[in-house]
Amino acid sequence: MSSLKHFLLRAVITLLFLAVPILGVWTFVKAEEWGLWFPPTYSTYGPSIDFLFDVIMWMVAVTFVGTELLLVWFFFRYSKKDATRATYTHGNHTLEMVWTAIPALLLIFVAFSQMKAWSTVKINFPEDGPYTVAKPLMEIYASQFDWRVRYPDAQGNFEGADVIEVPYDITVPADTKVVLRLKSRDVLHSFFVPVFRLKQDAVPGMEIPVWFEATRPGDYDLICAELCGWGHYKMAGKIHVLPKDEFASWLAKQRENLYAKD
Amino acid sequence: MIVRRHRSAALLAAVALTLTLSCKFEPFTPELHYSLNGPVVEKNPDLQGDPGAQAQLAGVLEMLVGTPKDPRFLALKDWDFDPNYWGEDLVKKDENALAALIASNRAAYREQIASIEAGDFENVFQPRFADDLWRWWLALKAEKAGDAAALKEEGVKLFSEYYPSLSNSAAFYRNQCFHCHGTEGGGNGSTSRFLNPRPRDYRPGKFKFTALKGKSRPRHEDVYRVLTEGVYTTAMPSFRRFTDAQLHGLVDYVRLLAIRGETEILLASFYTSDEGLSLESVQENYGDVVAKWRGASKQVIAAEDIPAVTPERLAHGRTLFMTPGEKGGANCVSCHGTSGRGDGASAFEVDPLTKETRRVKDEWGNEISVRDLTRGVFRFGRRPIDLYRRIYAGINGTPMPEHIGMTVTEDGKQHPMTESDIWDLAFFVRTLSVHEATVAAAPSHH
Ligand SMILES: [Cu+2]
């Protein structure tokens, strides 16, 4: 092969390699425009999750671009026809220290910066609002392949005869700390509400508390985020967030309907 | 050397070509014809061995209800309604149902309607699962080409009052229901073998969950409710994720399949080689089946008033429930058991063939569990009125019997059970799932 041909081949393959980081970054730049980015967030803790996501994404982005460029450069530099023979080395102690210490520091940083968000979402459940872990607004039963919400009777009793049970449509008040109890009738499911940035597995045999405070009335998607069987793809629901007073009258209406004559 | 290189290039090209060709996605389309009901045909020796006769039966049925691709009721001369617009007429007559339909269409076709209202007709894109709506829209657009104001007005009306045609609902049924309920609605789709209870076979016209007396065919509302609520803890899911219009359309198509199936059963049983299928008998049987569906709404179990729950009523319900039939009680205990767990003696029987004890069978021939009433799971509504109706009329096709008018003996006197007795039973059943402790502590007459 002539040396010109070899150079061209190197150049083409290097450019192909270079296309990986470029396209990778490009998809992220364009993601929002193409509708691939997150939906807006409408829960009180949503922004803190987004912040964590951004922090980690930037860390990964810098690392990704750096390593990719290095890879491309190495490829180009060391694919010369007259390449020098490889030599054995025992490594570079300083370099290894540096590239161990930096990721370790970054991981420690991530570990600390997420603690607040984690405890808010998963540990410190609301205690001052109308709903608490002991007295949740509702129970949500996941089963193959639907979601059922159960509202307790007027005494807060989930075993009472006057429990309200609805498939698919989950109605909650806005601007209220809503606590719910998540259960599964059969296999693992996962309660995922993208606009609340909330995801929690439902585990058979367990009653798992979940909470959120919706900041904007509207209808939002609920999807199952744990492959639970052949019908998993259609295990969807809707969260209807109503203004507080409307929610109260909605619930009263449901209690009334329980004794409807038709 | 050169030849070899060319050969490998050709090989590579061939592989690439095969891959691209095989990746061309062909959606699976089920066979688009209705098959005859095998077991029913087998029962009539005149039909069974005679392909000509079977073809005649299939032809007659096709004349009556069309094909899966083009389902279409034959409207008899003396009918004052067109069964092809059965559901649409009902919905558009009912103010609330119509308002709900429009609201749901407006939400589903929000973007199309916005484009039409903005006069941006070229930007209206094709909605999913609504080929007929799309065809109607294109036709309207062509017809009103020069008249933007009229196109706007009628376009918005078209989308917001959309009600699917039977053929569109049939296609939607094949998309959503066919794998369980089968092409003919025989409850024998490919998934059905793995399910218990089995998906409903619509063909005998027996439906479990209605608000009706006796063995009536369901009303439009009854089937609609099955679709929105699902049958909890069975494989039959809730279909709330679809629009009102789509669900009404499915109800229409289920009705068509059920009418086809029942007519088939009747015609197959009357067929004789000597006479074939006479036009009168076809008309008469088809007319009778349709009449049963038309008359359903006269059979509603209405509740004048829901009585207040009192300890006396609960105690009375308990006594009726717990007292076996031979002692003059309502006999629920024989199937549902003393704890209500569905483990009474009559929940099981000895199989005549294998001599083994197994669960009782329903009328479709599948083993069925008597409901465990302590779990608070009711398959078709947990409101007092729902349970009242279940107990009043029984559950069609299952051993759960009708109870209204059943003879019971109380205080040494025989009397038929009244509405009030049924309410007492319904109230008592509701307490069974509250807490076993409460049940055990409930006062008893004995
Ligand atoms: Cu799931």
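Throughout, read-outs are computed from the coordinates displayed, never taken from laboratory work. This is a predicted model, so every value here is computed, not measured. In this analysis, Cβ positions are derived from the backbone assuming ideal geometry, glycine residues included, and neighbour counts consider all displayed protein chains.
Give me log10 I(q)/I(0) at q = 0.08 Å⁻¹ for chain B, Debye formula, one equal scatterer per alpha-carbon, no solvent. For the requested q values the scattering log ratios are -0.62. Put simply, the range A:61-163 fits an ellipsoid with semi-axes of 59, 20, 10 Å; these come from the alpha carbon gyration tensor as the roots of five times its eigenvalues, largest first. List the relative contact order of the range B:295-428 as a percent without decimals, with contacts defined as Cα pairs under 8 Å and 6+ residues apart. Rounded, it is 25 percent for the range B:295-428.
Taking label positions 7 Å along the Cα-Cβ direction at both B:Ser339 and A:Val12, the computed distance is 7.7 nm, reported to one decimal. The Cβ shell under 11 Å around B:Gly394 holds other residues with a net charge of +4, Lys and Arg each +1, Asp and Glu each -1. The three principal axes of the Cα atoms in the range A:113-205 give end-to-end lengths of 45, 31, 24 Å, sorted in falling order. Too long at a 32 Å Cα-Cα cut-off: which of A:Lys135/B:Lys206; B:Lys93/B:Lys361; A:Lys238/B:Lys208; B:Lys69/B:Lys208; A:Lys122/B:Lys208; B:Lys206/B:Lys355? Long pairs (Cα-Cα over 32 Å): A:Lys135/B:Lys206; B:Lys93/B:Lys361; A:Lys122/B:Lys208. Over all other residues within a Cβ to Cβ distance under 14 Å of B:Val254, the charged ones net out to +4, with Lys and Arg as +1 and Asp and Glu as -1. Over all Cα atoms in the range A:31-83, the spread is summed up by Rg and Dmax: 18.5, 62 Å.
Once Rg and the Kirkwood radius are both taken over the C-alpha atoms of the range B:145-226, their ratio Rg/Rh works out to 1.19.
Expressed in Å, the radius of gyration and Dmax of the Cα atoms of the range B:283-429 are 17.2, 55.
For GluC sites (Glu not before Pro), the sites in the range B:374-435 that DSSP calls loop and that have at most 16 other Cβ atoms within 10 Å are B:Glu402. Just so you know, the Rg over Rh for the range A:1-116 is 1.12, from Cα atoms, with Rh as the Kirkwood radius.
What is the mean number of Cβ atoms from other protein chains located within 10 Å of the Cβ atom of each residue in peptide A:145-153, rounded to a whole number?
On the way: counts 4, 7, 1, 6, 0, 2, 0, 0, 1.
Partner-chain Cβ atoms within 10 Å, mean over residues of A:145-153: 2.
Just so you know, the Rg over Rh for chain A is 1.17, from Cα atoms, with Rh as the Kirkwood radius.
The orientation-averaged projection of the convex hull spanning the C-alpha atoms of the range A:138-261 amounts to 7.6 square nanometres. Protection proxy ranking for B:142-154, B:358-370, using the average of other Cβ atoms within 10 Å per residue and placing the highest first: B:358-370, B:142-154.
Above 16 angstrom, tally the Cα pairs of the range B:340-411 and express them as a % of all pairs, no decimals. Of the Cα pairs, 60 percent sit more than 16 Å apart. Across the alpha-carbon atoms of the range B:172-278, the computed radius of gyration and Dmax are 15.0, 52 angstrom.
Calculated translational diffusion coefficient of the range B:115-181 (25 °C, 0.890 mPa s; Stokes-Einstein with Kirkwood radius over alpha-carbon pairs) equals 189 µm²/s. With the simple spin-label model, which puts each label point 7 Å out from Cα in the Cβ direction, the A:Glu256 to B:Lys327 separation comes to 4.4 nm. Kirkwood analysis of the Cα pair distances in the range A:184-249 returns a hydrodynamic radius of 13.1 Å.
Cα extents for the protein assembly as shown along the principal axes, largest to smallest and rounded to whole angstrom: 109, 70, 68.
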